[in-house]
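A short write-up of the structure that comes next.
The values are calculated or read from the model by the stated rules, or taken from the named source; none is laboratory data. Everything numeric here is computed off the predicted structure, so don't read it as measured data. Backbone-built Cβ (ideal geometry, glycine too); neighbour counts: all protein chains shown. Please note that ligands, DNA and RNA were not included when accessible areas were found on the heavy atoms of the full protein model with its side chains. Shrake-Rupley method; radii C 1.70, N 1.55, O 1.52, S 1.80 Å.
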Amino acid sequence: MTTRAGFIALIGEPNAGKSTLTNYMVGAKVSIVTHKVQTTRARIRGVALEGDAQLVFVDTPGLFQPRRRLDRAMVAAAWGGAADADVIVLMVEAHRGVTEGVERILEGLGDIGQGRTVALAINKIDKVQAEDLLALTKDLNERYSFAETFMISAERGHGVDALREWLAGEVPEGPWLYPEDQIADLPMRMIAAEITREKLTLRLHQELPYQLTVETENWEERKDGSAKIDQVIYVVRDGHKGIVLGKRGETIKAISQAARLELEEFLDRRIHLFLQIKVRPNWLEESERYSEMGLDFKDGN
Ligand SMILES: Nc1nc2c(ncn2[C@@H]2O[C@H](COP(=O)(O)OP(=O)(O)OP(=O)(O)O)[C@@H](O)[C@H]2O)c(=O)[nH]1
Ligand SMILES: [Mg+2]
């Protein structure tokens, strides 16, 4: 049997639906999703099978104009993911069309896309009318020479099978890159930290989600089959600590419970989750925080 395998980088503006598509392709939640921009911070690989092909989807942070060190490291990670991939899929939101952000990404693709297969996936088609889609497809294809255009709804799974089948034919012949039963290559402690960060992002407002990070500090397997997980939430200000705690600790309690339930479902066992909040005014400038997130600190220079 000739097998095929390759990396498929999903790139696009923040919120385009890259993580939603990754999860749909994998058939499990390997990357966190929120309605807020800049949810994904590092490259997350999720594995899917299509016939004899193993498709390794590389979910990347959204591409935007970076201001802080963290932003720059995220954007560098996204372009790095594209540069290492066999196929690049640019995801554009159907209802937003060609924004300035999309224009900038098309410029970037002028270099990175050279000699690589680049496809266009117009996502969230459930939000627009068919005639708008045709106009957008035409417009984007006049601006860049995409190998193929797909119209999809990553959330509902519309058009996704056609994309997966096409990708299976595009990745090179070769042995599979991961064992057959592996769905992600993120360490469990990192997935666990991401789940907690998702719950924090969903519950907290304004800048706060962007100014915190979560790390799994300790993971203890217990004899009864359960696991005890200790995590630290780093925030930059005392005031933020108060907000994360909430009145009488209600906010952190709700976050902890939501994260624990999802972890239990993911791991199919009982979890004891302990969250601690630490005020660390400078964590956004600490290289160790970046390596914990899977980012290159130097990229932020
Ligand atoms: N209506 C609709 N919403 C979608 C679709 N795909 C994704 N979404 C929503 O769009 C939002 C952003 O989705 P994500 O998958 O987190 O987007 P992302 O591109 O990974 O975002 P970043 O990680 O911030 O770059 C979430 O609220 C999703 O539920 C879709 O096909 N239709
Ligand atoms: Mg994402």
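Residues in region 20-42 that are surrounded by fewer than 23 Cβ atoms within 10 Å (Cβ to Cβ) and away from ligand 1 (no atom under 11 Å from the Cβ): 3 in all. Tyr234 passes every criterion in (1) aromatic (Phe, Trp, Tyr); (2) in contact with a helix residue (DSSP H, G or I) (Cβ under 9 Å, 6 or more places away or on another chain); (3) open to solvent by 50 Å² or more (accessible area, probe 1.4 Å) apart from (3).
Please work out if Ala53 is touching a Phe, Trp or Tyr at 6+ places or on another chain (Cβ under 7 Å), open to solvent by less than 10 Å² (accessible area, probe 1.4 Å) and more than 22 Å from Leu109 (Cβ to Cβ).
On the way: touching a Phe, Trp or Tyr at 6+ places or on another chain (Cβ under 7 Å): no; open to solvent by less than 10 Å² (accessible area, probe 1.4 Å): yes; more than 22 Å from Leu109 (Cβ to Cβ): yes.
So Ala53 fails the test.
Filtered by the rule that a residue be hydrophobic (A, V, I, L, M, F, W, C) and touching a residue at least 40 places away in the same chain (Cβ under 8 Å), region 83-100 gives Ala85, Val87, Ile88, Val89, Leu90, Met91, Val92, Ala94, Val98.
Residues are listed down the side, and each one gets a yes or a no for (1) open to solvent by 10 Å² or more (accessible area, probe 1.4 Å); (2) without any contact (Cβ under 8 Å) to a residue 12 or more places away in the chain:
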| residue | (1), (2) |
| --- | --- |
| Ala162 | yes, no |
| Trp166 | yes, no |
| Pro172 | yes, no |
| Pro175 | yes, no |
| Tyr178 | yes, no |
| Leu186 | yes, no |
| Arg189 | yes, no |
| Glu198 | no, no |
| Glu207 | yes, yes |
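Would region 74-84 turn up any residue that is in the same structural domain as Thr137 (by TED's automatic domain parsing), in a loop (DSSP other than H, G, I, E, B), open to solvent by 10 Å² or more (accessible area, probe 1.4 Å) and in contact with a helix residue (DSSP H, G or I) (Cβ under 9 Å, 6 or more places away or on another chain)? Looking through region 74-84, none of the residues is in the same structural domain as Thr137 (by TED's automatic domain parsing), in a loop (DSSP other than H, G, I, E, B), open to solvent by 10 Å² or more (accessible area, probe 1.4 Å) and in contact with a helix residue (DSSP H, G or I) (Cβ under 9 Å, 6 or more places away or on another chain).
Condition check ((1) farther than 21 Å from Ser287 by Cα; (2) in contact with a strand residue (DSSP E or B) (Cβ under 7 Å, 6 or more places away or on another chain); (3) in a helix (DSSP H, G or I)) across all residues:
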residue: Thr2; (1), (2), (3): yes, yes, no
residue: Lys29; (1), (2), (3): yes, no, no
residue: Gly46; (1), (2), (3): yes, yes, no
residue: Arg67; (1), (2), (3): no, no, no
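Residue check: Glu103 meets all listed conditions (1) within 19 Å of Ile8 (Cα to Cα); (2) open to solvent by 40 Å² or more (accessible area, probe 1.4 Å) but one, namely (1). Scanning region 6-53 for residues that are more than 13 Å from ligand 2 (Cβ to nearest atom) and of a type in the set (Phe, Trp, Tyr) yields a single hit, Phe7. In this structure, Ala16 qualifies as in contact (Cβ under 8 Å) with a residue 60 or more places away in the chain, open to solvent by less than 10 Å² (accessible area, probe 1.4 Å) and assigned to a loop (DSSP other than H, G, I, E, B).
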